[in-house]
Amino acid sequence: MRRRDFIKTTGAVVAATSLRPYASLAAQPPTAGRTILPMNRGWRFKPEKVSGAESPTFDDAAFERITIPHTNIKLPWHNFDDHLYEFVSTYRRRFRLPQGTAGKRVFVDFEGAMCASTVWINGAPLGEYRGGFTPFSFELTPHLRPDGENVLVVQLDSTEREDIPPFGYEIDYLTFGGIYREVSLRVVPEHFLDNIFAHPKDVLSAHPGLDVDCFLAGPAAGRMALEVELRDGERIIAHGTQPIPSGPAPDPDAALDPVTSAAITHSSNTMRDGAKHTVTLANLEGIELWQLHEPKLYTVHVRLMQDGVAIDEDTRRIGFREAVFTPQGFMLNGKAVKLRGLDRHQTFPFVGQAMPARAQRQDAKILRHNLHCNLVRTSHYPQSRHFLDCCDEIGLLVLEEIPGWQHIGPEPWKLVAIDNVGRMIRRDWNHPSIILWGVRINESPDDHGFYARTNALAHALDPSRQTGGIRNFKESELLEDVFTINDFGFPLREPNHPLYLNTEFVGHTYPVKTTDDDERQREHTLRHARIHDQLASNPQYAGGIGWCAFDYNTHSNFGAGDRICYHGVTDIFREPKAAAGFYKSQVDPAEEVVLEPAFHWAKSDEATEFRRAVVCSNCDHLKFYLREHSLESNEWTLIAELDPDRAEFAHLRYPPFQLNLAALDSKKLRFAWGDLRIDGYIDGKQRISRSLSGKGIDSKFLLLPDDTALVADGADVTRVVLRVTDEWGNVHPLANDPIEFTLEGPGELIGDNPIALTGGTAAVWVRAQEQAGTVRLSAKHLRLGTQTAEFTLSAAEPERV
Ligand code: GAL
């Protein structure tokens with residue numbers, strides 16, 4: 001985390017801190033004007049509506065002390081009543097303003113609270129914000145006590161209110177409850193930078209340019225100007241200055257709703273941008289493109305000047321890339337990239353959506369580095385900024401969409417949905433990873449007027465990106481630029497529009513649990529492979545996004561009846577199923593050589609004994625060896641050699657391998673049993689080897705933390721995976737032992753204790769408390785002993801408010 005102390009300028013103390021964690025590649029934090037004061041610790045919470053709690057004198061000593069991100073209720077990972085989180089709760093936060101805020105404007109910024117927030121400051125009502133996935137702000141200035149204690153109160157309605165998207169009918173996921181994303185105070189001068197949208201242009205030319213739209217708020221005074229710098233790390237590589245003409249500013253939203261001419265924003269608590277002024281940096285030199293494998297990032301730094309003095313500054317991180325859907329598929333920087341992705345719900349076991357930066361980032365890394373996807377869809381709502389930041393950093397493309405699922409409500413509901421389009425785009429328009437805005441309610445019926453407005457708004461706000469709208473019927477009216485469709489059939493339908501992207505397949509048509517047998521795992525794997533093979537057969541398919549990345553919690557009328565849709569290529573803990581191996585194997589071996597058996601090694605766990613072995617690999621040749629347990633010699637015998645199955649998968653770059661064991665002319669295989677080894681070859685050279693034990697004995701108990709260094713901010717977490725495996729580390733899918741934990745030190749366990757393994761694995765999360773030190777987590781398996789992991793918690797910056 002970046003730390004900057006106060007800077008003294010001409011006697012006044014000006015805060016110089018941008019405390020947003022993980023902005024690792026961001027440039028210098030702003031040095032004038034604004035102070036961002038994170039306000040996530042020290043909240044008081046009561047899981048009910050408390051009358052009188054909005055009064056500053058209310059005594060909240062009996063409330064629980066909590067840290068944000070927060071879930072209003074902890075739940076088991078499955079088999080629970082899916083209405084348990086549907087209640088109204090009360091949050092209170094006391095604070096004193098730090099020095100240097102006199103004469104400034106103060107806003108409170110909520111990044112996400114599920115799903116309707118009524119807010120008071122010092123007893124004064126500020127209004128209700130309706131929406132669980134979009135950011136909102138309230139101005140606190142006139143009600144604040146500059147020298148005394150201030151009390152911010154949120155009454156949070158986490159019921160599924162039918163006036164708020166996605167609610168009103170039914171939805172196949174749980175939204176959970178709580179203030180589940182960060183909160184901060186934003187202290188700005190009277191006239192300030194409300195937002196920045198930096199859009200590169202002529203990116204593929206020798207001299208690209210950059211238009212930096214600066215949105216200003218508040219009354220201008222004096223001689224105003226904007227200074228813009230483009231930075232590569234600390235190095236300034238271009239800058240520009242532009243005076244701001246005096247006179248009344250045009251209403252920035254005036255042109256945005258061509259259908260109704262009505263205001264598209266729905267109350268004073270919006271992030272409404274002020275007057276727009278564009279500063280252009282032209283003829284840039286030496287710009288490196290944002291590429292999937294080298295996602296080069298720059299920072300735009302904007303300074304608002306008044307009579308020659310900087311009164312406000314802010315930064316945004318950007319990338320130079322051209323991303324466009326064409327009749328020949330998706331083009332990134334002029335080159336066709338076949339999109340291969342998965343849909344992601346942002347929910348987690350036990351705490352719903354309330355996971356901080358590290359867990360959000362881990363999901364992006366799993367998708368990019370473990371599953372080798374190049375695209376993710378944030379189904380079905382705008383997701384955490386931490387997730388998107390990580391996508392920018394690791395080169396994972398994003399289709400981001402507005403909240404909704406099949407249902408369209410009446411006009412007031414639609415206004416909220418249209419407003420969601422605006423908030424999503426204004427929040428995220430600088431992310432180079434985002435290539436498409438989803439501006440239609442997922443799988444909803446046609447609604448010409450409504451979708452004309454969502455599209456017009458998206459195009460007016462962000463002319464640099466195309467729109468999509470995820471539909472489930474081919475005849476649907478196309479008001480978007482790209483025809484994006486959930487097509488669960490096989491073979492897939494032929495493209496009926498020049499720009500065509502498949503956004504869901506497999507999913508509910510073939511749910512698979514980690515405990516399911518090999519026949520089902522194999523078919524799941526092959527279904528994903530077959531679809532990607534077809535997508536590869538025609539350049540007009542821009543690619544496909546499979547349903548889905550991770551198993552997710554859902555309502556009782558969906559899924560397996562235990563509140564889970566087992567549609568993921570990983571389980572709910574993000575542990576891979578066999579189908580994950582297919583995605584993983586579609587990577588250039590220069591990046592990683594992959595060999596993933598889509599089976600566990602057991603002789604007779606199929607209807608007609610073990611006959612068919614599918615292996616997902618980017619090798620071009622495999623050799624299979626058997627080592628019989630009954631023989632003394634302990635030798636490996638070659639039993640089969642195989643090339644990728646180019647007959648069934650003619651279009652995939654790395655087709656799965658399919659071995660028909662029954663057809664092998666090997667007595668041994670039919671009567672003998674032992675360990676299996678698979679060696680993978682590329683161009684005649686052995687590059688990888690995997691061994692699978694035939695003994696069927698639980699041999700190892702593994703405790704695998706994603707990270708061991710945490711920040712003691714009360715919120716930071718890391719996942720800790722548990723696995724029971726054979727002697728080579730292959731998960732034993734039938735292991736279901738209880739694991740008992742002991743945790744010492746300033747940490748908290750998120751998860752059941754004991755927890756039962758499912759499919760040979762499970763995970764819990766370790767959450768840091770607010771004290772630096774060492775956390776020790778011991779996990780005991782009844783027969784395989786105890787494993788211990790240690791976590792170092794470094795001191796967090798104190799919150800200054
Ligand atoms: C789709 C829907 C997804 C999910 C999926 C299950 O129709 O868009 O949210 O429910 O089915 O396969």
Here, GluC sites (Glu not before Pro) of region 549-629 satisfying both criteria (DSSP loop; at most 16 other Cβ within 10 Å) are E591, E592, E606, E609
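Please arrange E632, E64 by accessible surface area, largest first, computed with a 1.4 Å probe and ligands excluded.
From most exposed to least exposed: E632, E64.
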Heavy-atom accessible area of region 700-795 with neighbours in place, 1.4 angstrom probe: carbon+sulfur share in percent works out to 46 percent
Here the relative contact order (percent) of the chain, from C-alpha pairs under 8 Å and at least 6 apart, is 10 percent
Those GluC sites (Glu not before Pro) from region 326-410 that are DSSP loop and have at most 15 other Cβ neighbours within 10 Å turn out to be none
Rounded to the nearest Å, the spacing of the alpha-carbon centers of region 520-553 and region 199-233 is 41 Å
For 473-483, 131-141, ranked highest to lowest by mean beta-carbon neighbours within 10 Å, the order is 131-141, 473-483
Of the listed pairs K104/K276; K513/K685; K603/K685; K335/K577; K201/K335; K335/K584, those with alpha carbons more than 26 Å apart are K513/K685; K603/K685; K335/K577
Whole-percent carbon and sulfur contribution to the accessible surface of region 338-590 (1.4 Å, no ligands, DNA or RNA) stands at 51 percent
For the chain, dividing by residue count, accessible area per residue (probe 1.4 Å) in Å² works out to 36 Å²
Relative contact order as a percentage, region 700-795, C-alpha pairs under 8 Å and 6+ apart, gives 35 percent
Of 538-550, 211-223, ordering from highest average Cβ density within 10 Å down gives 538-550, 211-223
For S556, the accessible surface traced by a 1.4 Å probe with all protein chains present amounts, in square angstrom to the nearest 10, to 70 Å²
Filtered hits (lysines, Cα-Cα < 21 Å from K74, offset >= 8 within chain) -> K46, K49
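Of all the accessible heavy-atom surface of region 602-692, with the other protein chains kept in place and a 1.4 Å probe, what percent is carbon and sulfur?
Taking all protein chains in place, region 602-692 shows 44 percent carbon and sulfur surface.
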Rounded to the nearest 500, the 222 nm mean residue ellipticity computed for the chain from DSSP H runs (n ≥ 4, each -39500 (n - 2.57)) alone is -3000 deg cm²/dmol
Largest-first ranking of D551, D307 by accessible area, probe 1.4 Å, whole protein assembly kept, is D307, D551
Restricted to the chain, the DSSP antiparallel beta bridge percent, nearest 5, is 80 percent
Descending accessible area (1.4 Å probe), largest on the left, turns K201, K296 into K201, K296
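Sort the following peptides by mean Cβ neighbour count (other Cβ atoms within 10 Å, averaged over residues), highest first: 346-359, 89-102, 777-790, 714-727.
346-359, 714-727, 89-102, 777-790
The values are calculated or read from the model by the stated rules, or taken from the named source; none is laboratory data. Remember, predicted model here, so these are calculated numbers, not experimental data. A quick note on method: Cβ atoms are made from the backbone with ideal geometry, for glycine too, and the neighbour counts reach across all protein chains shown. Side chains are part of the model used for accessible areas, which takes the heavy atoms of the whole protein and leaves out ligands, DNA and RNA. Shrake-Rupley method; radii C 1.70, N 1.55, O 1.52, S 1.80 Å.
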